[in-house]
1. With the requirement that a residue be buried (at least 17 other Cβ atoms within 10 Å of the Cβ), more than 21 Å from Pro290 (Cβ to Cβ) and either of a type in the set (A, V, I, L, M, F, W, C) or without any contact (Cβ under 8 Å) to a residue 24 or more places away in the chain (or both), what does the range 205-221 give you?
2. Can you pull out every residue in the range 78-96 that is in contact with a strand residue (DSSP E or B) (Cβ under 7 Å, 6 or more places away or on another chain), assigned to a helix (DSSP H, G or I) and either open to solvent by 30 Å² or more (accessible area, probe 1.4 Å) or on the phi > 0 side of the Ramachandran plot (or both)?
3. Would it be correct to say that Val149 is in a helix (DSSP H, G or I), of a type in the set (Val, Ile, Thr), surrounded by fewer than 17 Cβ atoms within 10 Å (Cβ to Cβ) and modelled with pLDDT of 95 or more?
4. Need pairs with beta-carbon distance below 8 Å; first residue over 17 Å from Met62 (Cβ atoms) and within the range 227-253, second open to solvent by 40 Å² or more (accessible area, probe 1.4 Å) and in a loop (DSSP other than H, G, I, E, B); sequence gap 6+ or separate chains.
5. Quick one: is Arg57 closer than 20 Å to Phe254 by Cα, in contact with a Lys or Arg (Cβ under 9 Å, 6 or more places away or on another chain) and of a type outside the set (Gly, Ala, Ser)?
6. When you check Phe15 against the structure, is it crowded, with 18+ Cβ neighbours inside 10 Å, at pLDDT below 85 and closer than 20 Å to Gln103 by Cα, yes or no?
7. Across the range 52-70, what is the total count of residues that are open to solvent by less than 40 Å² (accessible area, probe 1.4 Å) and not in a helix (DSSP H, G or I)?
8. Quick one: what pairs do we get from the range 63-79, first residue within 11 Å of Asn289 (Cα to Cα), second part of a helix (DSSP H, G or I) and small (Gly, Ala, Ser), C-beta under 8 Å, 6+ apart or different chains?
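The values are calculated or read from the model by the stated rules, or taken from the named source; none is laboratory data. Predicted model only: the values in this text are computed from it and were never measured. We place every Cβ from the backbone using ideal geometry, glycine too, and count neighbours over all the protein chains shown. Heavy atoms of the whole protein, side chains included, go into the accessibility calculation; ligands, DNA and RNA do not. Shrake-Rupley method; radii C 1.70, N 1.55, O 1.52, S 1.80 Å.
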Amino acid sequence: MACTGKHNLTLLKEFILMGITGLPELQTPLFGLLLTVYVISVVNNLGLIILTKIDSRLQTPMYFFLRHLAFTDLGYSTAVGPKMLVNFAVDQHTISFNGCATQLTFFSIFIINEIFILSAMACDRYVAICNPLLYTAVMSQRLCQVLVVMAYLYSVSLSLLTIMKIFLSSFSDYNVIRHFYCDSLPLIALLCSGTDEIRLIILIFSAFNLVSSLLTVLVSYILISVAIFRMNSAEGRHKAFSTCGSHLAVIALFYGTLFFMYVQPKSTHSFDTDNMASLFYTLVIPMLNPMIYSLRNKEVKNALRRTWRKCANIDIPQRYCGFGSSPPQ
């Protein structure tokens, strides 16, 4: 890398992304596979957002958080997916300086937000199982809104701080990013100076985000487990476990992938392995999350059937399907 004293970041107009694989024979099948995954993810998450918004029986705190989880999944997969697919289609792996900053900003916002939405959902499950009689009073609409707004404000503030520190620094003449999208650590490797400070900021906040959210989840589920095992009814225990099953599956997928990527020793890292792990949590997890909640949740499946029956009724115009509105007389 060439870093001169007169080097200015405005000289750098674009970055080159190394992509997912350097094997030409894999380009077409990978494009088809990832396009399918992304389309399914968009359809599933948009469907879940709409369904939890329009169905009157899904107006509970759990589905309020689930709607924001789907929005977050849709957000960070869209921050990465379309540009990656375009690069595949035109066989061009460049991204503009401003485009890179924009991609990293939105990806960071949504990925940080996902961590705290999952934590809020764990707290919601704790109150629902351990204090069912007080559930409606404790998990009020106002509290749910405050928790979500705080998560968004924190993720936006932290993301902007990190992105400004990176993109207001001076880059070297070497502009090749060892990734298929603009991520913070590959970008820091291209900076001329000041990398120690930025790395420390990222390390401190990443550790805080992961530890605080994971502790919230662990404490919530420890208390949930204690409450469940104290239940006398086997049916009650099964019902309590089933209400947490989907959330636990999503937690395991998300945190498991993050730990695989960032906790394993650097000596075991490889370009292909890191790319596959990144693909999993940027595209595959957002596709799987709504499936997990839909397939394991009778309320969601029943809401989908009700909406489908409304839309299948030829006497009701399609624009009124599922919105609780009656057609004009």
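1. Answer for the range 205-221, where residues must be buried (at least 17 other Cβ atoms within 10 Å of the Cβ), more than 21 Å from Pro290 (Cβ to Cβ) and either of a type in the set (A, V, I, L, M, F, W, C) or without any contact (Cβ under 8 Å) to a residue 24 or more places away in the chain (or both): just Leu214.
2. Restricting attention to the range 78-96, the residues satisfying the condition of being in contact with a strand residue (DSSP E or B) (Cβ under 7 Å, 6 or more places away or on another chain) are 83, 87, 93-96.
Pick out the ones that are also assigned to a helix (DSSP H, G or I) and you get 83, 87.
Scanning the range 78-96 gives a single hit, Lys83.
3. yes
4. Arg237/Met231
5. Numbers: closer than 20 Å to Phe254 by Cα: no; in contact with a Lys or Arg (Cβ under 9 Å, 6 or more places away or on another chain): yes; of a type outside the set (Gly, Ala, Ser): yes.
No; evaluated as a whole, the condition is false for this residue.
6. no
7. 1
8. Listed pairs, sorted by first residue: Asp73/Ser41; Leu74/Ser41.
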